[in-house]
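Structure record follows, encoded as structure tokens.
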Amino acid sequence: MKRVLVIGSPGAGKSTFSKKLAKITGLPLCHLDLVWYDEEAKQLSRDEFDVRLAEILKGDEWILDGNYQRTMEMRVKRCDTVILLEYPLEVCLAGLRERVGRKRDDFRWVDKEVDPELMQKAIDFSRDKLPRTYELMKKYPNKNFIVFKTRDEAESYLKGLARWGWL
């Protein structure tokens with residue numbers, strides 16, 4: 001496990017999980033939201049994002065957190081491990097509500113309210129994004145795909161890595 005993608009619905013806790021994974025493994029962490037948005041919280045062009053992403057993917061070790069479905073296959077081709085946080089919708093919606101008003105190091109702003117567009121993406125995630133994710137799992141059987149259905153499963157995994165070593 002040297003090049004890891006952490007993906008899942010908005011509100012699933014990808015960034016939180018990724019930070020814990022990075023602390024345990026020592027792998028460098030990159031939040032794709034920090035790549036997609038500049039210092040003024042404005043979106044980059046797709047071309048500029050793709051150039052920055054390609055540079056990150058050249059690295060030998062990394063954890064990337066974020067969906068960005070358009071670039072998913074490019075990232076899956078380069079990674080060795082994909083961790084999917086496939087949590088129930090209620091968990092993800094609660095995660096979106098919990099981030100309101102909280103300063104985070106994986107975002108360039110503080111949400112003042114739940115973003116309705118992000119909430120809709122969470123609602124649509126199972127229908128719109130999961131099928132493509134599972135297609136990629138089948139297309140790239142040499143990748144290590146790990147799916148967690150609950151936060152407890154994910155936490156147990158992290159505790160196991162910390163306790164027994166991750167290599």
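The values are calculated or read from the model by the stated rules, or taken from the named source; none is laboratory data. Bear in mind the structure is a predicted one, so any value in this text is a computation, not a measurement. Using ideal geometry, Cβ is built from the backbone for each residue, glycine included, and neighbour counts are taken over all protein chains shown. SASA here: full protein model, heavy atoms, side chains in, ligands and nucleic acids out. Shrake-Rupley method; radii C 1.70, N 1.55, O 1.52, S 1.80 Å.
Quick one: in the chain, what % of C-alpha pairs are over 21 Å apart?
Result for the distance tail: 47 percent.
Given a cut-off of under 8 Å on Cα pairs at least six residues apart, what relative contact order in percent is computed for the range 1-121?
Reported relative contact order: 43 percent.
Using Cα springs under 10 Å in a Gaussian network model of the chain, which residue among 123, 63, 83 shows the largest mean-square fluctuation?
Looking only at 123, 63, 83, the biggest GNM fluctuation is shown by 123.
Put +1 on the Cβ of each Lys and Arg and -1 on the Cβ of each Asp and Glu in the range 1-151; which of 57, 36, 133 then has its Cα farthest toward the positive end of the dipole?
Comparing the listed Cα positions along the dipole, 133 ranks first.
³J(HN,Hα) across the range 146-155 via Karplus (A = 6.51, B = -1.76, C = 1.60, θ = phi - 60°), whole Hz, x for Gly/Pro?
Those phi angles translate into 10, 10, 10, 9, 9, 5, 4, 4, 5, 5 Hz.
Which lysines have a Cα lying under 21 Å from the Cα of residue 23, excluding residues fewer than 8 positions away in the same chain?
Cα-Cα hits under 21 Å: 2, 14, 103, 159.
List the residues whose amide H sits under 5 Å from the amide H of residue 145, counting only those 5 or more places along or on another chain, with H placed 1.01 Å from N in the peptide plane.
Counting only residues 5 or more places away or on other chains, the set is 82.
Using a 1.4 angstrom probe, figure out how much accessible area the chain has per residue, in square angstrom, rounded to the nearest whole.
Heavy-atom accessible area per residue stands at 55 Å².
Placing +1 at every Lys and Arg Cβ and -1 at every Asp and Glu Cβ, with all other atoms neutral, what dipole size does the range 44-129 have around its Cα centre, in debye to the nearest 20?
Details: 17 positive and 20 negative charges, 27 e Å.
Computed about the Cα centre, the dipole is about 140 debye.
How much of the accessible area of the chain, probe 1.4 Å, is carbon plus sulfur, in whole percent?
52
Can you check what the net charge comes to around residue 157, using other residues whose Cβ is under 15 Å from the Cβ of residue 157 (Lys, Arg +1; Asp, Glu -1)?
Working: positive: 14, 19, 20, 23, 149, 151, 159, 163; negative: 86, 152, 153, 155.
Taking every Cβ under 15 Å from that of residue 157, the sum is +4.
Taking the Cα centre of the chain as the origin, how large is its charge dipole in debye, to the nearest 20, when only Lys and Arg (+1) and Asp and Glu (-1) carry charge on their Cβ atoms?
520
Please list, or write none, the lysines whose alpha carbon is within less than 17 Å of the alpha carbon of residue 139, excluding same-chain residues fewer than 8 places away.
Hits, sequence-local ones excluded: 77, 129.
In straight Cα distance, which aspartates and glutamates are under 13 Å from residue 112, not counting same-chain residues fewer than 8 positions off?
98
Which whole-Hz couplings ³J(HN,Hα) result when phi for each residue of the range 66-83 is put into the Karplus expression 6.51 cos²θ - 1.76 cosθ + 1.60, θ = phi - 60°, listed in order with x for Gly and Pro?
x, 8, 6, 3, 4, 9, 4, 5, 4, 6, 5, 4, 8, 7, 10, 9, 10, 10
Spelling out what I want: for every residue of the range 5-15, take phi, set θ = phi - 60°, compute 6.51 cos²θ - 1.76 cosθ + 1.60 (Karplus), and round to whole Hz; glycine and proline get x.
Whole-Hz 3J(HN,Hα) from phi for the range 5-15: 9, 10, 10, x, 4, x, x, 6, x, 4, 5.
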